[in-house]
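The values are calculated or read from the model by the stated rules, or taken from the named source; none is laboratory data. All values reported here derive from a predicted model rather than from experimental measurement. Cβ placement follows ideal geometry from the backbone for every residue including glycine, while neighbour counts extend to all protein chains displayed. Just so you know, the surface numbers come from the protein's heavy atoms only, side chains and all, with ligands and any DNA or RNA stripped out. Shrake-Rupley method; radii C 1.70, N 1.55, O 1.52, S 1.80 Å.
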Amino acid sequence: MKLIGIAGSIADQSYNRTLLQFIAKHFSGLVDVEVLDINDVPMFNQDDDQTDGAIIQNLCKKINSADGVIIATPEHNHSVPAALKNVIEWLSYEVHPLDGKPIMIVGASYHIQGSSRAQLHLRQILEAPGVNAIVLPGNEFLLGDVKTAFDDKGDLKDQRTVDFLQTTIQNFIKFAKVINMIGETNNYEEEDLSAQNGTDTTIKGIDMNADDWLDRAANKVSAAEGNDYVKLDSGLLTVNQLDYFLKTIPIELTYVDENNQFLYYNHSLPTEKMLAKRTPAQVGDALDKVHPNIGRVFKHVKQVISALRNGETDLVSMPIPGGDPQKHHVMHYYKAMHDDENNYKGVNEWAVDLKPIVDEYLKATGQKLVKDPNAKMDAMSGASKKTTEEKPEVEVDATSSASKH
């Protein structure tokens with residue numbers, strides 16, 4: 001995977017440039033990072049448009065040809081440096097190479113907060129109209145006390161910091177792959193999230209966005225419930241038994257039909273404890289009501305569904321960044337569903353935290369995850385292909401069980 005690195009400083013001694021150079025050198029087995037120089041970028045001036053000049057055109061060319069961009073920002077007066085803001089001004093005036101481009105933000109600072117306020121401000125700038133970059137949420141890398149963080153070779157001294165940086169980069173690789181894949185989806189704008197087309201199973205005459213849609217729709221079609229039996233292709237269950245079964249599956253399931261109507265989720269946890277929060281009142285809603293119409297959310301939902309509907313892929317998987325990677329590794333999967341004649345029938349979405357599963361396996365088998373020093377990551381591999389991380393030694397607990405956490 002080809003990435004462009006931009007340091008938001010034009011100082012001769014820039015720790016943020018050193019950070020990018022370390023990433024390019026140390027993680028060359030994961031990504032190919034080219035660090036660009038912004039020292040010669042002219043001051044932005046609408047009355048002296050230099051968009052067609054060699055400097056701005058070269059930046060555009062490099063960014064357009066890359067799979068993503070890593071921006072390393074220092075913090076000046078609680079915000080981004082003028083030099084970095086100046087570059088973004090040029091790249092959002094007459095040319096827009098950052099539009100739809102996956103962006104990862106890192107930063108180094110003399111102080112312990114590690115450019116946190118500058119990173120927050122930079123996220124807002126990059127998501128502004130005219131820039132429209134796609135910034136990896138969460139996944140923050142904040143390097144504080146930077147004067148003592150590097151050795152005389154420009155390498156980070158602390159191995160835990162290096163390990164955490166690797167985790168964030170691996171998350172970004174997966175994020176960029178998904179964004180670039182769905183960005184290539186054709187005709188995604190035709191995807192109707194309002195679910196107005198209807199299907200042969202759409203229950204007509206009921207407002208699908210009503211909070212009580214489930215009760216009203218079930219009553220209209222005299223839906224089976226309670227102890228009524230349902231014959232499945234490989235079983236016979238009552239509706240109650242089917243509910244018991246689905247509620248105890250240890251992953252979050254969601255069903256969206258081919259009309260983009262949200263029909264079901266397994267209500268195994270209270271909404272506030274769910275990985276992908278859903279409420280009973282949302283059942284029956286069109287997807288344009290389930291997903292907030294903010295930023296680029298609608299576009300990406302359309303791209304994912306269009307790719308599944310049109311057979312460009314049958315599975316989209318992505319990690320959900322944020323939080324402590326030592327405690328959680330949450331994955332979302334979107335699988336196309338088809339009937340016996342291979343007609344598209346909607347999306348099976350499931351969300352799962354893989355960390356407790358891996359931990360339970362390691363505990364039960366007495367094994368540990370260790371790094372392979374000879375491994376070379378395939379940057380275009382799917383989200384299911386992972387590089388292992390070193391874990392503490394574990395001892396076999398012969399009395400442990402799957403229900404004990």
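Answer yes or no: is there a residue in segment 11-20 that is open to solvent by less than 20 Å² (accessible area, probe 1.4 Å) and of a type in the set (A, V, I, L, M). Talk me through it step by step, then tell me what you get.
Initial filter on segment 11-20 (open to solvent by less than 20 Å² (accessible area, probe 1.4 Å)): 14, 16, 19-20.
Restricting the remaining residues to those that are of a type in the set (A, V, I, L, M) gives 19-20.
Yes, that holds for at least one residue.
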Selection from segment 202-222 of residues outside any helix (DSSP H, G or I) and surrounded by 13 or more Cβ atoms within 10 Å (Cβ to Cβ) yields Thr202, Ile203, Ile206, Met208, Asn209, Ala210, Asp211, Asp212
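Every residue, every condition in (1) surrounded by fewer than 12 Cβ atoms within 10 Å (Cβ to Cβ); (2) part of a helix (DSSP H, G or I); (3) in contact (Cβ under 8 Å) with a residue 60 or more places away in the chain; (4) among the polar types (S, T, N, Q), yes or no:
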position	(1), (2), (3), (4)
Asn132	no, no, yes, yes
Asn139	no, no, yes, yes
Gly154	no, no, yes, no
Gln166	no, yes, yes, yes
- prompt: Would a scan of segment 54-69 turn up a residue that is more than 16 Å from Ser92 (Cβ to Cβ) and open to solvent by less than 30 Å² (accessible area, probe 1.4 Å)?
  reply: yes
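Condition check: surrounded by fewer than 15 Cβ atoms within 10 Å (Cβ to Cβ) and out of contact with any helix residue (DSSP H, G or I) (no Cβ under 7 Å at 6 or more places or on another chain). Does Asp233 satisfy that?
Numbers: surrounded by fewer than 15 Cβ atoms within 10 Å (Cβ to Cβ): yes; out of contact with any helix residue (DSSP H, G or I) (no Cβ under 7 Å at 6 or more places or on another chain): yes.
Criteria met by Asp233.
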Q. If you check Ala351 against the conditions, is it of a type in the set (Gly, Ala, Ser), closer than 30 Å to Gly198 by Cα and either surrounded by 14 or more Cβ atoms within 10 Å (Cβ to Cβ) or at pLDDT 60 or above (or both)?
A. yes
Q. What do you reckon, is Ala128 touching a Ser or Thr at 6+ places or on another chain (Cβ under 9 Å) and in a loop (DSSP other than H, G, I, E, B)?
A. yes
Exercise. Please verify whether segment 26-34 includes one or more residues that are open to solvent by less than 60 Å² (accessible area, probe 1.4 Å), closer than 18 Å to Pro97 by Cβ and not basic (Lys, Arg).
Key: yes
Can you confirm whether segment 67-74 contains a residue that is in the same structural domain as Val178 (by the TED database), over 16 Å from Arg17 (Cβ atoms) and either free of Cβ contacts under 8 Å to residues at least 12 places away in the same chain or of a type outside the set (Phe, Trp, Tyr) (or both)?
yes
Of the residues in segment 75-85 that are assigned to a loop (DSSP other than H, G, I, E, B) and touching a residue at least 40 places away in the same chain (Cβ under 8 Å), the one that is surrounded by the fewest Cβ atoms within 10 Å (Cβ to Cβ) is His78
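Restricting attention to strands (runs of 3 or more DSSP E) lying wholly within segment 251-363, give those where 1 or more residues are more than 16 Å from the chain's Cα centre (by Cα). Step through it out loud before you land on a result.
Numbers: elements: 252-256, 262-265, 315-319, 330-338, 344-353.
Fully inside segment 251-363 and qualifying: 252-256, 262-265, 330-338, 344-353.
Picking from Ile88, Ile38, which residue would you name as being among the β-branched types (Val, Ile, Thr), surrounded by 18 or more Cβ atoms within 10 Å (Cβ to Cβ) and part of a helix (DSSP H, G or I)?
Details: Ile38 fails: part of a helix (DSSP H, G or I).
Within the list Ile88, Ile38, the selection yields Ile88.
Which is out of contact with any Gly (no Cβ under 8 Å at 6 or more places or on another chain), of a type outside the set (Gly, Ala, Ser) and open to solvent by less than 50 Å² (accessible area, probe 1.4 Å), of Glu272, Glu252? Walk me through it before giving the result.
Details: Glu272 fails: open to solvent by less than 50 Å² (accessible area, probe 1.4 Å).
Of the residues listed, the single one that is out of contact with any Gly (no Cβ under 8 Å at 6 or more places or on another chain), of a type outside the set (Gly, Ala, Ser) and open to solvent by less than 50 Å² (accessible area, probe 1.4 Å) is Glu252.
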